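Please read the structure below before turning to the comments.
The values are calculated or read from the model by the stated rules, or taken from the named source; none is laboratory data. Note that the coordinates shown come from a computational prediction; the quantities given were computed from them, not determined experimentally. Positions of Cβ are generated from backbone atoms using ideal geometry, with glycine treated the same way; all protein chains shown enter the neighbour counts.
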Amino acid sequence: MSELGMFFGLLGAAVAVLFAGAGSALGVGIAGRAAAGVVTEDPNKFAQVLILQLLPGTQGIYGLLVGFITLSKIGLLGGGDITVSLPTGLMILAACLPIGIVGLISGRSQGECSAASIGIVAKRPDQFGKAMLFPAMVETYAILALLISILAVSNIPV
Amino acid sequence: MASDWDYTYAVARIRVLETHLLSDSDVNAMVASKDMKAALTYLKDKGWGDASGKDDAEEILEIEEKKIWDTMRELRVDFSVFDVLSLPQIYHNLKAAVKETCLSGVHHGVFYPDDRFGREEMLRIMREKDYSALPEHMRAAAQEAYEAMLHSRDGQLADIIVDRACLDAIEAAGQKSKAKVIRDYAESQVAVTNIKIAVRSAKTKKSLDFLHRALAPCRSFDVRQLAQAAFTGEDSLMDFLSSEGFAEAAEALEKSPSAFERWCDNMQIRAVKPQKYEVCSVGPLVAYVLARQNEIKTARIVLSGKENDLSEEDIRERTREMYV
């Protein structure tokens, strides 16, 4: 039973890293295509569009952070003789779901929003500050999910 | 058809290119130029023409037309989405080929250049009656127009047959397309052309049969009512246009024929203006092509107006609304 508990704990870490990372990869890819289009015509806008392209990359970092905390919690990082029961493993998996699922959806959505904001920079580079705010709004929900995942994983008694 | 997000790169490039489009204030500045040379210099300062420094207006406009399609080729988009835009040109080539085949004389200048259906190919098809080489939607019209021209020598009848087939093809392409911009373009193109035909028919007092044959069904209004209004007379036509939401067309008609032509072209540009806010579809690309063609047409109007010493007011009445 303890192996099964460990398995679900590990699955939680995998879900956090995998889904949130996939969301970021999709988002950065979409924004990157738009950024490449702008730089093809106007290389001077490289720095501005690069920042917008990187915005959806944070979900992957949040997933990684939750993944590290989870691995540490179940004793795979830092050693320690920890036994993870099946209910505990399942609770850890549940705790990792918010950043996994919200990271996937918000990463892609933020990429789409960044691509639209890159369109603003293409036509009105002086409006860069406002253009950055739109994708930054999507970030809010990834941060909320990150908070809940960290709080939940940290407070599960092992 | 590609997914909308496949156009992300192309749309972002188009957004940058849109910053180089002529605005209404650029057109006003050209109109205010002291002569044609000054207007041409204004365009060259905006990057029109090529590095060879050509000074011939028509050559510069041709270079600009070529640049549109070079850009689209660079973007590597599926060219079939632009097919609907080339329909009026290839149907025009069909009309020219029907007349050149049936009547004596050679008319190089009346054909639009086209990779598939340019002058030589269109004339070959008509001479050899190889209608199967044409797109399916053109075949019946080509045969009917050729036979009508051969038997009656009535150029206007051949024109009606081909023009009607062209409108039907545009409407069908619009209804078939998944892209909103193509649907909107097709609806606007067919409606405006129907109104143009109705106006000319009302002025020349054409028969109801002629109107029914020439007008193509469209989504904007009932063409049978339009035909009836045009047959009744110009006042009745104006009332019909006003009641169907085309009051601006009626006002332009009252003003002058050139104001009406201007309204017709402005309608096309207004139909695609919402594409300025699209993020990831083929719409902004189609709108860019139409916007570039519109500004080349406007530049031609201003340059020829300056060449013929028209007053600023007369030129301004003919200039089209810009996309940006």
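Does at least one position in region A:129-151 carry a residue that is buried (at least 18 other Cβ atoms within 10 Å of the Cβ) and either in contact with a strand residue (DSSP E or B) (Cβ under 6 Å, 6 or more places away or on another chain) or over 21 Å from A:A31 (Cβ atoms) (or both)? Yes.
Per-residue answers, yes or no, for (1) within 30 Å of B:S281 (Cα to Cα); (2) touching a Phe, Trp or Tyr at 6+ places or on another chain (Cβ under 8 Å); (3) in contact (Cβ under 8 Å) with a residue 24 or more places away in the chain:
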{"residue": "A:F8", "(1), (2), (3)": "no, no, yes"}
{"residue": "A:L11", "(1), (2), (3)": "no, no, yes"}
{"residue": "A:V15", "(1), (2), (3)": "no, no, yes"}
{"residue": "A:L18", "(1), (2), (3)": "yes, no, yes"}
{"residue": "A:G27", "(1), (2), (3)": "yes, no, yes"}
{"residue": "A:V38", "(1), (2), (3)": "yes, no, yes"}
{"residue": "A:Q48", "(1), (2), (3)": "yes, yes, yes"}
{"residue": "A:L54", "(1), (2), (3)": "yes, no, yes"}
{"residue": "A:Q59", "(1), (2), (3)": "yes, no, yes"}
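Looking only at residues in region B:1-19 that are of a type outside the set (A, V, I, L, M) and at the interface with another protein chain (Cβ under 7 Å from one of its Cβ atoms), the one that is farthest from B:Y288 (Cα to Cα) is B:W5.
Within region B:1-19, being assigned to a helix (DSSP H, G or I) and not hydrophobic (A, V, I, L, M, F, W, C) holds for B:D4, B:D6, B:Y7, B:T8, B:Y9, B:R13, B:R15, B:E18.
Could you say whether any residue in region A:100-113 is of a type in the set (S, T, Y), away from chain B (no Cβ under 14 Å) and in a helix (DSSP H, G or I)? Step through it out loud before you land on a result.
Pass one, region A:100-113, residues of a type in the set (S, T, Y): A:106, A:109.
Next, only the ones that are away from chain B (no Cβ under 14 Å) stay: A:106.
Filter once more, so that each one left must be in a helix (DSSP H, G or I): A:106.
Yes, region A:100-113 contains a residue that is of a type in the set (S, T, Y), away from chain B (no Cβ under 14 Å) and in a helix (DSSP H, G or I).
I want to confirm something. Restricting to region B:93-115 and keeping residues that are modelled with pLDDT under 85 and assigned to a loop (DSSP other than H, G, I, E, B), which single residue is farthest from the chain's Cα centre (by Cα)? Checking each candidate, the answer is B:S104. May I ask you to verify whether A:T70 is assigned to a helix (DSSP H, G or I), at negative phi and away from chain B (no Cβ under 14 Å)? In short, yes. In summary, A:G23 fulfils each of the numbered conditions (1) out of contact with any helix residue (DSSP H, G or I) (no Cβ under 6 Å at 6 or more places or on another chain); (2) under 17 Å from A:E139 (Cβ atoms) with the single exception of condition (1).
Only one entry of B:D56, B:D24 meets the criterion of being surrounded by 12 or more Cβ atoms within 10 Å (Cβ to Cβ) and at negative phi, and that entry is B:D24. Taken over region B:20-37, the criterion of being touching a residue at least 24 places away in the same chain (Cβ under 8 Å) and either within 14 Å of chain A (Cβ to nearest Cβ) or assigned to a helix (DSSP H, G or I) (or both) is satisfied by B:H20, B:L21, B:S23, B:D24, B:D26, B:V27, B:N28, B:M30, B:V31, B:M36. Reported count of residues in region B:306-324, each being surrounded by fewer than 17 Cβ atoms within 10 Å (Cβ to Cβ) and more than 28 Å from B:A287 (Cβ to Cβ), is 7. The listed residues are B:Q268, B:Q228, and the only one of them that is part of a helix (DSSP H, G or I), crowded, with 16+ Cβ neighbours inside 10 Å, touching a residue at least 24 places away in the same chain (Cβ under 8 Å) and not hydrophobic (A, V, I, L, M, F, W, C) turns out to be B:Q268.
For the structure I just gave you, tell me whether A:G63 is touching a residue at least 24 places away in the same chain (Cβ under 8 Å), in contact with a Lys or Arg (Cβ under 9 Å, 6 or more places away or on another chain) and small (G, A, S). Taking the combined requirement at face value, the residue does not satisfy it. If you take the residues in region B:231-259 that are surrounded by 19 or more Cβ atoms within 10 Å (Cβ to Cβ) and in contact with a Lys or Arg (Cβ under 8 Å, 6 or more places away or on another chain), which one is nearest to B:L21 (Cα to Cα)? Filtering region B:231-259 for residues that are surrounded by 19 or more Cβ atoms within 10 Å (Cβ to Cβ) and in contact with a Lys or Arg (Cβ under 8 Å, 6 or more places away or on another chain), the one nearest to B:L21 (Cα to Cα) comes out as B:A252.
Mind checking which residues of region A:41-85 are among the β-branched types (V, I, T) and modelled with pLDDT of 95 or more?
Step one: filter region A:41-85 for residues among the β-branched types (V, I, T), giving A:49, A:51, A:58, A:61, A:66, A:69-70, A:74, A:82-84.
Of everything in region A:41-85, those that are among the β-branched types (V, I, T) and modelled with pLDDT of 95 or more turn out to be A:V49, A:I51, A:T58, A:I61, A:V66, A:I69, A:T70.
Residues in region B:271-317 that are over 27 Å from B:R200 (Cβ atoms) and part of a loop (DSSP other than H, G, I, E, B): 6 in all.
Among the conditions (1) closer than 28 Å to B:D78 by Cβ; (2) away from chain A (no Cβ under 14 Å); (3) surrounded by 14 or more Cβ atoms within 10 Å (Cβ to Cβ), the only one that B:Q275 does not satisfy is (2). Kindly evaluate B:T41 against the criterion of being more than 20 Å from B:A291 (Cα to Cα) and part of a helix (DSSP H, G or I). Yes: the conditions hold for B:T41.
One line per residue, one yes/no per condition, for (1) within 17 Å of the chain's Cα centre (by Cα); (2) under 20 Å from B:S281 (Cβ atoms); (3) of a type in the set (A, V, I, L, M); (4) buried (at least 24 other Cβ atoms within 10 Å of the Cβ):
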| site | (1), (2), (3), (4) |
| --- | --- |
| B:I161 | no, no, yes, yes |
| B:R164 | yes, no, no, no |
| B:D168 | yes, no, no, no |
| B:E171 | yes, no, no, no |
| B:Y185 | yes, yes, no, yes |
| B:Q189 | yes, yes, no, yes |
| B:T193 | yes, no, no, no |
| B:S201 | no, no, no, no |
